[in-house]
Each structure stands twice: as structure tokens, then as C-alpha cells.
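Here the structure comes first, spelled out in C-alpha cells, and everything after it is commentary.
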Amino acid sequence: MSRKNRNIYFLLAVLAISTLLAVYVLAIRKDMSDFGVCYQGGQRIRQAETLYRVSDGHMQYKYAPASAVFFAAFALLPYAWAKLLWYFLMIFFVAAAFLTFLKVLPEREKTGLFLGIFSFLILLKFLGRELQLGQVNVLIIGLLAGTLLLLIEKKDLAAGLLWGASLFFKPYALVFLPYFLLKKRFVVLPGSGVILGLGFALPSLFYGPAGNLLVHEEWLETLSQSTPRLVTTYDNASLLAFFKKLISAPESPWPWVLLSIVMGTLAFLFLWLVREGRKDSLSCPEFLEAGFLFVLIPLLSPLGWYYNYFYALPAVMIILDRIDRFSRGIKVAVLINFVLIGGTLREILGQDLFTFYTGSSLVAVNFLFVLCFLSYLRFKRLA
């Protein structure tokens, strides 16, 4: 590399870091409340204190005890510096996930620049909220992107390690378990078993064996108590939340009936995707199948917050990459759906319409259409 090129890359790096710092100072630093919960968890486990406290209210720690061991390292730093470190790590996880998806996207037709610009424009409001809260979802996406890469490279044992590690933060990745079984990728399970076993044992370093069992019991109790009362929260955008808000009668069975019908339909559709993916004409069926599962994470989770739809990144990427292969009518539908996803901002809709769209969990409908577009690609043998 010539000296001139090195100088250009250096200036670009300085510009990028300066821009990210400006975003942090102006829009991120004053919040990061979810990271604050994680930081507090790291402090508590270092002192062998109770992680799960009712007195914390909505900001109660809900992740597995092993995740607090991870955040204990951040608790060694002053909170202000820990926030800044976590912010840049989040940016790193996002970049690593995007580049990994770009690497494994089969028979790519569009440039990385095209996919990067338009994927992030569509999903920017979700990513922005993730960064603002200091959430762990981008870490999970990074781990699952690595899992997908290793699966495609037939390194199933290592894939299991990453997949298992993601479960310490949120159980979202369990949606992949039936997929591993369907694809007969059984070697994933020993790898995940090893990492989960280690993760279960790690808190014993702080609590001792008996205390470790107790803290895991407290964790399970916290999950069972907090989830039901949060389902109809304003920014919960799961399918269950959508149906609960649509049919507001508290004792009505219809939200569960409708959810069961949709889940059964999605399960059937996914089985069909996997079966079709076994045909020889598809070079790498795993990418589209994984993209489908990534979208299911916020749709099927009881607490699928609207910003969790950043998990749809690989699905959006492959649809954008094949956008020229859609028929004209479906291409128009894809573009309208993406405009609705990315353009439903308070600044565009106004406060009342934005509150209705977000509070009604209508974004879940947008991403059901995303699953339909993925299915169309598989039906046409385009991915």
C-alpha cells in the first residue's frame, strides 16, 4: 500500500471515529439505561450480591447469571468510561455482523456499499434505539452471524460454542434449535452444551456452589413474574403483543388462537423452505433460512421490543440483493414495505400517527411481509 493510500485510510478512520464520538456525545451518552442495568449487574456479582431485585422495577436485571460475569469486567471501570467502551463495542458488533453476512451471502448480485447503505437506512431507527439504550442485541446478532458463518463452513462444533454463548444474554437463539435438528447438524449441540455448562458454573466463583443454584432459581422466577405484565407495553411489537392490543378484552382467548394459527402457518412455511433448500440447485440455502429465523426472533418472543427488529438485517440484505429479480408488482410491494419500515418516524408521521403505529405493534405486520418475500425468493429458486 502506498503512503498516499495509507494517509487516506488514516484520515477516513479519524473522520469515522470523530463522527461516532459526536453521535455518542449528542445522542447516546445521556441515556444507555439498559447498559446501566448490565453495569449494575456486573457490580453486584463482583460483590456476591443478589442480581434480581423486585425493587429495581422495570429496570430489573433479567439476563442469565453468567452474563453478569461478562459485565463484571465493565464494572472495573468508572461508569462513564464503561458506557463509552460498550458503545464502541456495539459499533464493532454491528460492523462485524454486517461484514459476516456480506461474506456469506450466496451469489451476491449487489455491491457491499449498496447493501450497506439501504439495509441500514431501512433498519436505522431500530439500530439507533439499540445504541441509545445500550442494549445487548447487537452482541447477540454478532454471535449469531458468527454461528451462521461457521455452519456454512461446516464447523459445527465451533458454531455451537457461539450459539450457546448467545443464550447467556437472551434466550432468543433457541429459535435455531429445531433448525439444527431438521438439518441434522447434531454436532452443534455438544459445543453449545460445553459452553452452557461452563456458563452455569461461572457464577460459583462469586457465590459458591449453593449460592449459584439460588441465583439461577431467582433468575427463572424473575422471568416468569415479569413477562406477562409487559406483553401489552407500548413498544412491545411481538405478534402476541399485536394480537393482544388488537383484541383488548383481557380474558379473550382470541389473541392466543390467532397467534397459534400464525405460528402454525410460519412453522409449516419454514419446513417447506428447508425442504426446498435441500435441492441441488441452491448453493447455500442456509443464509435465507437463517434470515427467516432472525425475523422470527422479535415476532415470536413474548417481549419482542420494536427495536429488536434489527435482527432482520440478513433478511433485508438478501431481499435487497435480489430486488431486481422480483416481478414488477412484488418489487413495488417490497419497496412500499421497506419505506413503511424505515420511514415510520415521529418526524415524518407526527406524534399521533407515530404513537398509533408503534403502540399498535403494526411493525409486526411489516415483518410478516418480509417473511413472505423470503418465501417468494425460495419459491422462485433465487436464494
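Coordinate-derived values only; no laboratory data. Only a predicted model underlies this, so the values are computations on that prediction, with no experimental measurement involved. In this analysis, Cβ positions are derived from the backbone assuming ideal geometry, glycine residues included, and neighbour counts consider all displayed protein chains.
Per residue, how much space in cubic angstrom lies within the convex hull of the C-alpha atoms of the chain?
Working: hull volume 65.2 nm³, N = 383.
Once divided by residue count, the hull of the chain is 170 Å³.
By counting other Cβ atoms within 10 Å of each Cβ, how are 336, 341 ranked from fewest to most? Present the calculation step by step, with values, prior to reporting the outcome.
Details: 336 12, 341 21.
In order of increasing Cβ crowding within 10 Å: 336, 341.
How do 221, 286 line up, fewest other C-beta atoms within 10 Å first?
Numbers: 221 11, 286 19.
Fewest-to-most ranking of 221, 286: 221, 286.
Normalise the Debye intensity by I(0) for region 23-93, one equal point scatterer per Cα, no solvent, then take log10 at q = 0.12, 0.18, 0.20, 0.22 Å⁻¹ and round to two decimals.
One equal scatterer on each Cα of region 23-93 leads to -0.31, -0.68, -0.83, -0.97.
Using only Cα positions of region 233-383, each an equal point scatterer, no hydration layer, compute I(q)/I(0) via Debye at q = 0.13, 0.19, 0.20, 0.21 Å⁻¹ and quote the log10 values to two decimals.
Log-scaled intensity ratios, in q order: -0.62, -1.18, -1.26, -1.34.
At residue 54 and residue 20, where each label point lies 7 Å from the Cα along Cα→Cβ, what is the point-to-point distance in nanometres?
Label-label distance for residue 54 and residue 20, simple model: 4.3 nm.
Of the options 76, 283, 336, report the single residue whose Cα projects farthest towards the positive end of the charge dipole of the chain (beta-carbon charges: Lys, Arg +1; Asp, Glu -1).
Farthest towards the positive end: 283.
In nm, to one decimal, how far is the residue 103 label point from the residue 267 one, both placed 7 Å along Cα→Cβ?
My value for the distance between the label points is 3.5 nm.
Please report the relative contact order for region 204-343, taking Cα pairs under 8 Å with a sequence separation of at least 6, and give it as a percent rounded to a whole number. List each step's numbers first, then the result.
On the way: 90 pairs, mean separation 33.5, N = 140.
Reported relative contact order: 24 percent.
Can you give me the relative contact order of the chain as a percent, contacts being Cα pairs under 8 Å and 6 or more apart? List each step's numbers first, then the result.
Working: 438 pairs, mean separation 73.6, N = 383.
19 percent.
If I take every Cα pair under 8 Å that is 6 or more residues apart in region 57-205, average their sequence separation and divide by the length, what percent do I get for the relative contact order? Write down the numbers at each step before the final one.
On the way: 121 pairs, mean separation 42.5, N = 149.
For region 57-205, the relative contact order is 29 percent.
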